[in-house]
Amino acid sequence: MSTKYAFLSLPQGVFDSSDRDEAISSLRGTVSNDNGSVLPFNIPDFKIGTLDALVQQADELTKLEASCEAVVSKVADSLKNVLEGDEDRIAQYKMVNDKPTDQYELANVDTDVKTKFNQYNSVKTNLATLQRRQTGNLSTKSLTPIVDPALLVQDSEYIETHLIVVPGNAKKDFLKGYETLAPMVVPRSAVEVAKDDEFVLYAVATFKKHSAEFLAKCREQKWTPRQFKYVEGGRQEEQRELDRVTNEERKVCGEALRMGRTGWSESVMIWIHVITLRVFVEAVLRYGLPLDYVTALVKTTSKLAPKVKTALDSNYSFLGGNAFGRDKRGKITKDDAALSSEMAAAGFQTGEGHEYTAYVYYEIEFP
């Protein structure tokens, strides 16, 4: 089950004690160990500007966090693609190192990872194509290592050899009828070149002026003509190309994984840094000065996160003023009109993509 993290900030005054450690203990009692682990999340006292500046920063941080989440998701998808969904191996690359976040550039992470993984996908596709040409059936695989050049009529002004792939169950029909498919097919020229579980490959000689008609008639019979031109050293060249692309794929795969590991680390750290700033800015907008807040991190799961939220709402919904109340059964309810008023007072607009809560609260889940 996936891990989910909740960041929350509450004014120190809502707790019975002015000691922050005791406040964290109180939060642990509210959440309960069955639903999640509560840890202190210390945020430094950043410099505070004007109220207008804070409201603008809150809006900018909302957009920036959405970008952070998108980049982390892209990096995760790229790692999953390269490692073909192997969750154990993927986990080894989803590590966060200890570099300070001010060294990171989110846009560069996104661009660098995207560029490297696009390069990897291109090389991987090229390799898959070459491998199919070596391992497919006779209708698709390379004929270079199969066809003996001695079977081909070469350098003739009038006659040429065609290679025809025939389904195994149509072998008798082909041998019985190929000579009469078109004029001037060389009699008894059909030679079996190779066969596999599905097809038989034949070489057939015809006069060049009737080649097009012969090939068209073969296609009508569902017999597949294969284009082939003998090249001296072609077999060795194909193998060299396969070896080259195989080595390139391994090299680029390693580079992509290293880039993915770095990209994951940097983008996650940027994301957490942005969330930290969002928590701080929103706490100032909601609770005002002095900076006397209790900030905590709740580690839970996607299944238990709603229970964590319900427990917190039960204890701290009063911070939302008239926007939150209780029905006859004691369940927390919201007043939409009052909610809009409270959001405006806190410096937030409706429709910003973040559900308004009675206290500072953000959830994230790493892909």
Between residues in the stretch 117-134 that are of a type in the set (Lys, Arg) and residues that are loosely packed, with under 14 Cβ neighbours inside 10 Å, which pairs lie under 9 Å by C-beta distance while being six or more apart or on different chains?
132/140; 133/140
In the stretch 1-41, what residues are within 20 Å of residue 357 (Cα to Cα), of a type in the set (Ser, Thr, Tyr) and in a strand (DSSP E or B)?
5, 9
Out of the strands (runs of 3 or more DSSP E) lying entirely within the stretch 269-344, which hold 2 or more residues that are closer than 18 Å to residue 39 by Cα and modelled with pLDDT under 90?
none
Near pairs, Cβ below 9 angstrom, 6+ apart or cross-chain, from the stretch 265-291 (free of Cβ contacts under 8 Å to residues at least 24 places away in the same chain and farther than 21 Å from residue 90 by Cα) to any residue that is of a type outside the set (Lys, Arg) and surrounded by fewer than 22 Cβ atoms within 10 Å (Cβ to Cβ)
288/11
Index of the failed condition, residue 129 passing every other in (1) closer than 19 Å to residue 247 by Cβ; (2) at pLDDT below 80:
(2)
Do we find that residue 141 is at pLDDT below 85 and either within 30 Å of residue 164 (Cβ to Cβ) or in a loop (DSSP other than H, G, I, E, B) (or both) in this structure?
no
For the stretch 200-213, name all the residues that are assigned to a helix (DSSP H, G or I) and over 20 Å from residue 230 (Cβ atoms).
209, 210, 212, 213
Restricting attention to the stretch 150-198, and to residues there that are of a type in the set (Val, Ile, Thr) and in a loop (DSSP other than H, G, I, E, B), which single residue is surrounded by the most Cβ atoms within 10 Å (Cβ to Cβ)?
153
Scan (1) touching a Phe, Trp or Tyr at 6+ places or on another chain (Cβ under 9 Å); (2) within 27 Å of residue 42 (Cβ to Cβ) for the single condition residue 252 breaks and write down its number.
(2)
Does residue 165 satisfy the criteria of being among the β-branched types (Val, Ile, Thr) and not assigned by TED's automatic domain parsing to the domain that holds residue 128?
yes
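The values are calculated or read from the model by the stated rules, or taken from the named source; none is laboratory data. Note that this is a predicted model, so its numbers are computed, not measured. Neighbour counts are summed over all protein chains in view; Cβ atoms, including those assigned to glycine, are modelled from backbone coordinates with ideal geometry.
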